[in-house]
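Have a look at the structure below before the remarks.
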Amino acid sequence: MNALLRLVVPGLLVLLAACTTPRGTGDMGVVIERASGSLAIVETTHDSRLGSVTGLGDLSHASVVYSRDGRYAYIFGRDGGLTKVDILTETIAKRIIQSGNSIGGAISQDGKLVAVSNYTPGGVRVFNADTLQPVADIPAVYGTDGKRSKVVGLVDAPDQRFVFSLYDAGEIWIADFSQGATPAITRFKNIGKQPYDGLISPDGRYYIAGLFGEDGMALLDLWHPQQGVKRILNHYGRGQRKLPVYKMPHLEGWAMTEEYAFLPSVGHYEVLVVKRNNWQQKAAIPVHGQPVFVMARPDGHQIWVNFAHPRNDTVQVIDTESLKIIKTLKPGKAVLHMEFTPRGEQVWISARDSNQVTVYDTRTFEVIATLPMDKPSGIFFTDRAHKTGL
Amino acid sequence: MARGLVVTGLLFVALSVSADEVSAPRRDELRNLLLQDCGSCHGMTMKGGLGPALTPQALQGKDREMLVVTILQGRPGTPMPPWQGMLSRADVEWLVDSLYQGVTP
C-alpha cells in the first residue's frame, strides 16, 4: 500500500501542477490599464504580474469592487460597461453594457447586489452580483419637469443600503434593499450645490459628500438618518480665492486616524486636518500641489498624497503625529492612484505617463519593484472585498 | 543670446497665427492631454462624463471661437477650469480642431 502511494501521489502532484495550482486571492489585485481597456492581475507577495484580461471598453475613470470571496472583480467602465472578471482564471465571467455613461459602483453588504451610478441616463441601476441580471432601476429624477441628475459618490452602507449623491440636483439618496428587490428610497434635498463625490466612514456610520459649487461638506449620520443632512466644515472648499481645479479630488479612501480625518483641499495646495469628534478644522498642511487622493496607511501613522495636473509627478508622505511632510517621492509622470497592501508594508503607485507601477516599502521609502504597465490608473487589492464603502 | 530671443519671439508669433503650426512633438503631448486629462471628465472617447460630450456630433454647429475661449478661460459655475497659462491659443485651436474631426484613443 505504502509502495503504491509512493508511486501514485507524486503522479497526482504532477497532474495538479500541470493544471492550475489552487491558491487564495488575499494577496491579489488588479490594475486598470486604461488606454488599452485591459486589466493587469497582480499579486503582492512577490510583486508580480500574473496575467491580463482584455476587452473591457473605455476604462477612463474605471473603478472596481470585489465579490466577498475575493475571486471576482466587478469593473465599472466609463462607457457603461459592467464586467465581472474571474481573477483566478483571468477570464471575463460576465459582461454587460448597462448604461451610456457611468462613473462607479458598489457591492451590497451581503455581496448579492452590484449597484452602478450613471451619468447618462442619470440614476443607479442594481444587478444580481452572480448573474448580472437587472434587479432594480432607480432614475435620479429631480425637480418638477422630470430631469435626471448625474449620480456620484455611490457607496454601500450597513443594513443592505446604498447611498449616493445627485450632482445636478444637490441631493443625497438612500436606497434600502433590506426588504427585497424593490428599494425604499429616502431623499435628502438641498444638501448643497454640485456634490462631486461621496465617502462613507470605515465603520459605515457617516456618509459625507464634497461640494464643488459651494464651501462645506454634507454629512449624513446613517445611524440617525431622520436627523437629516448637516453642513460641516463651512470653510472647506474652494474658499474666497477660487483656484482652478484641474482634477476633481477623490474622497474615496477617506484618511482617518483615531483623532483626525485628512481631506484634500479643493483647488488649494493643502491637506486639511479635521477633528473627528466635532468636525472642526485643526490644521491645513501646505503640500506640493492640489491633492487628489489623500490616503492613510492602514495603521494610520502616515498619510500619502498625490496631486492634480500639472504637478502630478510627486507623492508626499505626512506623519500623522507631527503633521509634517516626512518624504517627497517622484514615482513618475502623471501619478494617478495609490493602494496599500492589506497591512500597509507596501504601497503601489501608478504613474500613467511613465507606463509603470512602482512598489514602495512604506517604512524605508525604498523602491521594492517596478512593473511596466500600459497607462496604469486605478489599483485595487482584494482586501477591499471586506471593507464597507470600497 | 539676443539672436536666440528674436528667433524664439518669431516662433511664438508663428505658433499663435495658426493651429497648423503646432509642432509634431507638441501635438503628441496635446493628444495625450486630450485623451487622458480632458478624458477624466469628458470620457476617453469624448462621449461625456461629468463634463459634456465632445464628439463631432455633439460639437456640430458649435462656434469654434466659443470653444476656444471656453478652454482658455474655463466655464464659471462648472468644474471646467481655465487652461490659459498651461496652453497657448494655438494649442487650444489645435485641440478644438481635433475634437471637430473626432478623437479615438
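Determine whether A:I87 is within 15 Å of A:R384 (Cβ to Cβ), among the β-branched types (V, I, T) and within 14 Å of chain B (Cβ to nearest Cβ). So A:I87 does not fit the description; no.
Listed by first and then second residue, the pairs with beta-carbon distance under 7 Å, at least 6 apart or on different chains, first residue in the stretch A:358-379 and outside the structural domain of A:F340 (by TED's automatic domain parsing), second open to solvent by 10 Å² or more (accessible area, probe 1.4 Å) and at pLDDT 95 or above, form an empty list. Entry remark, the stretch A:309-328: residues being more than 23 Å from the chain's Cα centre (by Cα) and open to solvent by less than 20 Å² (accessible area, probe 1.4 Å) number 0 in total.
When the stretch B:43-69 is limited to residues that are on the phi < 0 side of the Ramachandran plot and facing another protein chain (nearest Cβ under 9 Å), the one that is most open to solvent (accessible area, probe 1.4 Å) turns out to be B:K47. When the helices (runs of 4 or more DSSP H) confined to the stretch B:52-104 are screened for residues that are hydrophobic (A, V, I, L, M, F, W, C) and within 30 Å of A:L211 (Cα to Cα), those reaching at least 3 such residues are found at B:64-73, B:89-101. Residue check: is B:L72 open to solvent by less than 30 Å² (accessible area, probe 1.4 Å) and at the interface with another protein chain (Cβ under 8 Å from one of its Cβ atoms)? Criteria not met by B:L72. Exactly one of (1) more than 29 Å from A:T54 (Cβ to Cβ); (2) within 14 Å of another protein chain (Cβ to nearest Cβ); (3) surrounded by fewer than 20 Cβ atoms within 10 Å (Cβ to Cβ) is unmet by A:D353. Its number? Result: A:D353 passes all but (1).
Restricting attention to the stretch A:33-53 and to residues that are in a loop (DSSP other than H, G, I, E, B) and away from chain B (no Cβ under 14 Å), the residue that is nearest to the chain's Cα centre (by Cα) turns out to be A:T44.
What's the total number of residues in the stretch A:162-175 that are more than 14 Å from every other protein chain (Cβ to nearest Cβ) and either polar (S, T, N, Q) or crowded, with 24+ Cβ neighbours inside 10 Å (or both)? I'd like the intermediate steps shown before the answer.
As a first pass, look at the stretch A:162-175 and keep what is more than 14 Å from every other protein chain (Cβ to nearest Cβ): A:162-164, A:169, A:171-175.
Next cut, either polar (S, T, N, Q) or crowded, with 24+ Cβ neighbours inside 10 Å (or both) only: A:162-164, A:169, A:172-173.
Looking only at that region, the number is 6.
Of all the residues that make up the stretch A:288-308, how many are open to solvent by 20 Å² or more (accessible area, probe 1.4 Å) and not basic (K, R)? Looking only at that region, the number is 5. Tell me, please, whether a residue that is over 16 Å from the mean Cα position of the chain (by Cα) and at pLDDT 85 or above can be found in the stretch A:232-253. Scanning the stretch A:232-253 turns up at least one residue that is over 16 Å from the mean Cα position of the chain (by Cα) and at pLDDT 85 or above. Scanning the stretch A:108-126 for residues that are small (G, A, S) and within 14 Å of chain B (Cβ to nearest Cβ) yields A:S117, A:G122. Please verify whether A:V292 is at pLDDT below 95 and closer than 18 Å to A:T358 by Cβ, treating the condition exactly as stated. Yes: the conditions hold for A:V292. Pairs meeting the criteria (first residue in the stretch A:57-73 and facing chain B (nearest Cβ under 9 Å), second residue part of a loop (DSSP other than H, G, I, E, B) and at pLDDT 95 or above, beta carbons under 7 Å, at least 6 apart or on different chains) are lacking. Scanning the stretch A:74-101 for residues that are within 18 Å of A:L336 (Cβ to Cβ) and either among the basic types (K, R) or outside any loop (DSSP other than H, G, I, E, B) (or both) yields A:I75, A:F76, A:R78. When the stretch A:102-149 is filtered for residues that are acidic (D, E) and part of a loop (DSSP other than H, G, I, E, B), the ones remaining, listed by number, are A:D110, A:D130, A:D145.
The values are calculated or read from the model by the stated rules, or taken from the named source; none is laboratory data. Because the structure is predicted, anything quoted here is derived from the model rather than measured. No Cβ is skipped: glycine too gets one built from the backbone with ideal geometry, and neighbour counts run over all protein chains shown. Accessible surface areas use protein heavy atoms only, side chains included; no ligands, DNA or RNA. Shrake-Rupley method; radii C 1.70, N 1.55, O 1.52, S 1.80 Å.
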